[in-house]
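**Q** The structure's right below; bear with me while I get my questions together.
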Amino acid sequence: MAVLTVQNLRKSFGSVQAVADISFAVEAGEVFTIIGPNGAGKTTTLEMIEGLIKPDGGSISFGGMNWEKDADKIKMMIGIQPQTEAMFDLLTPKEHLDLFASFYSNPMSTLEILDMVNLTEHRNKKVKHLSGGQRQRLAIGLAMIGDPQMLFLDEPTTGLDPQARRNIWDIVLQLKEIGKTTILTTHYMDEAEKLSDRVCIVDQGKVIAMDSPAALINNLTKEREVKLSFIDGEFAAEDAEQYARSLPSVVRIERSGRDLLLWTIQPEDALHSIFGYTKEQGYRVDQVSIREMSLEDVFISYTGKEWRD
Ligand SMILES: Nc1ncnc2c1ncn2[C@@H]1O[C@H](COP(=O)(O)OP(=O)(O)OP(=O)(O)O)[C@@H](O)[C@H]1O
C-alpha cells in the first residue's frame, strides 16, 4: 500500500526550475532514496512533501490525506530530520530530545532514542562539543522522537567520514527493521545501493529511473569493463591486444604497459577466447577483473553524463 504518492510535482524559484516533473509512490516500510547530483532538485522535492514549501503544481497524498485538509494529522505521522545548524549549541542531546518530546502527545522515550542513535554515552555533552556524525545521529533521533510512521532524512551523511557514514547507515537499517518508512536523499551512490529498497534517480528536476538498485543495475545492457595484467610484460599485453581487437564482442580496448582494459557485453566469452590465445602463446596473466556495475553506471547510461559527487 502506498503511504505517500507524489504526482507531477513542479517548483521554480524565479527563472530556476528546481523541480520540473517528479512522480513516485512509496510503500509502507520501504527505504526509498531520492538520488541525484548537486542541484538535481532533491531537497526541494523533500521540502514540498514535508509541507515546508508549496509546490507550483502537482499533488502530494499521504494515503489519501493532503496538506490542505489534514496538516495536523500529517505532522503527527512524519518525522523530519532538522538541520544540524538549527540545534542549540548549549543544550545536550538529552535536553534536545526532551524538548522535542514535549511537542508530541505520545513520544518515544528519550533513553530509547539515545540508545538507538548510539548517543547514550554523550547524552550530557553540549551539542557544540559533538562531532559532525554525532550531531547527525542526534538529528535522526529528533526526527524519531514523535514515533512517526515515516521519516525524512535529507542527505544525512553529507560531509561525514566513512565510519560516521556507516554509523548512520546502521541507524537507517534499524529503522527499517522496526517497520518505519524512510525517505532519504543522498548524492552517494554506494549509500543508495546499500540502504534502499528502491531508488529514484533524479536529474534536472526529473525522474530518470526508478526501481530497486539490483533491478536498475541488472537491466543495464551496457558493456562491462574487463582488466587483465600480464606477468610477461608489455609485449604479451600488446600481442593479446591485437588478438582481442579481432573479437566481435569487444567494443573498445585500451592498453597501458602490461595492463589491458577492454569493454565487452559478453565478458565471459571474450575472456574464454583471450585465455585460449594467451595459453597457446604461453603468456601468463596474474590479474583479471570484471568491474561490477553500479548505480553510477545506471546514471551514466540514462543521462550520458559522468556522475559527480
Ligand atoms: N530558495 C531557493 N531560491 C532559489 N533557487 C533555489 C532555492 N532552492 C533551491 N534552488 C535551486 O533549485 C535547484 C535545485 O536545488 P535543490 O537544493 O533542490 O537540489 P538538490 O538536489 O537538493 O542539491 P544538493 O545535493 O546540492 O543539495 C538548484 O539549482 C538550486 O540552486
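**Q** Given the pairs K11/K206; K11/K54; K206/K305; K11/K73; K94/K126, which are separated by over 18 angstrom at their Cα positions?
**A** K11/K73
**Q** Roughly how many whole Å is it from the C-alpha centroid of segment 218-293 to that of segment 1-58?
**A** About 43 Å separates the Cα centre of segment 218-293 from the one of segment 1-58.
**Q** Turning to a different aspect of this structure: Please work out the Cα center distance from segment 82-107 to segment 138-217, rounded to the nearest Å.
**A** 22
**Q** Continuing with the same structure: Please state the relative contact order of the chain as a whole percent: Cα pairs under 8 Å, 6+ residues apart?
**A** Relative CO of the chain lands at 19 percent.
**Q** Taking a ≥ b ≥ c as the square roots of the Cα gyration tensor eigenvalues, with a/c under 1.5 meaning rounded and otherwise prolate when a/b beats b/c, else oblate, which class fits segment 36-155?
**A** Here segment 36-155 falls in the oblate category.
**Q** Just to confirm a number: summing +1 for Lys and Arg and -1 for Asp and Glu over residues other than I35 whose beta-carbon lies under 9 angstrom from that of I35, what do you get?
**A** Net charge around I35: 0.
**Q** With +1 on each Lys and Arg Cβ and -1 on each Asp and Glu Cβ, and nothing else charged, work out how big the dipole of the chain is about its Cα centre, in Debye to the nearest 20.
**A** Around 680 debye, computed over the chain.
**Q** Could you tell me which residue out of G63, I290, F32 lies farthest along the dipole of the chain toward its positive end? Charges go on the beta carbon: Lys and Arg +1, Asp and Glu -1, centred on the Cα centre.
**A** Value: G63.
**Q** What does the charge dipole of segment 46-154 about its Cα centre add up to, to the nearest 20 debye, if the Cβ of each Lys and Arg holds +1 and the Cβ of each Asp and Glu holds -1? Don't skip to the end; give the middle numbers.
**A** Values: 11 positive and 15 negative charges, 59 e Å.
For this selection, approximately 280 debye.
**Q** Relative contact order for segment 87-128: what is it in percent, counting Cα pairs under 8 Å that are at least 6 residues apart?
**A** The normalised contact order for segment 87-128 reaches 62 percent.
**Q** Something else about it: Can you give the helix-only mean residue ellipticity at 222 nm for the chain, where every DSSP H stretch with n ≥ 4 adds -39500 (n - 2.57) and the sum goes over all residues, rounded to the nearest 500 deg cm²/dmol?
**A** When only DSSP H runs of four or more count, the value is -11000 deg cm²/dmol.
**Q** How would you order 58-70, 175-187 from highest to lowest mean count of nearby Cβ atoms within 10 Å?
**A** 175-187, 58-70
**Q** Additional query: Connecting C-alpha atoms closer than 10 Å in a GNM of the chain, tell me which of Q136, Q81, Q287 has the biggest fluctuation.
**A** Largest GNM mean-square fluctuation: Q287.
Every read-out reported here was derived from the displayed coordinates using simple, explicitly stated rules and does not represent laboratory data. Quick caveat, the model's predicted, so the values are computed rather than measured. Backbone-built Cβ (ideal geometry, glycine too); neighbour counts: all protein chains shown.
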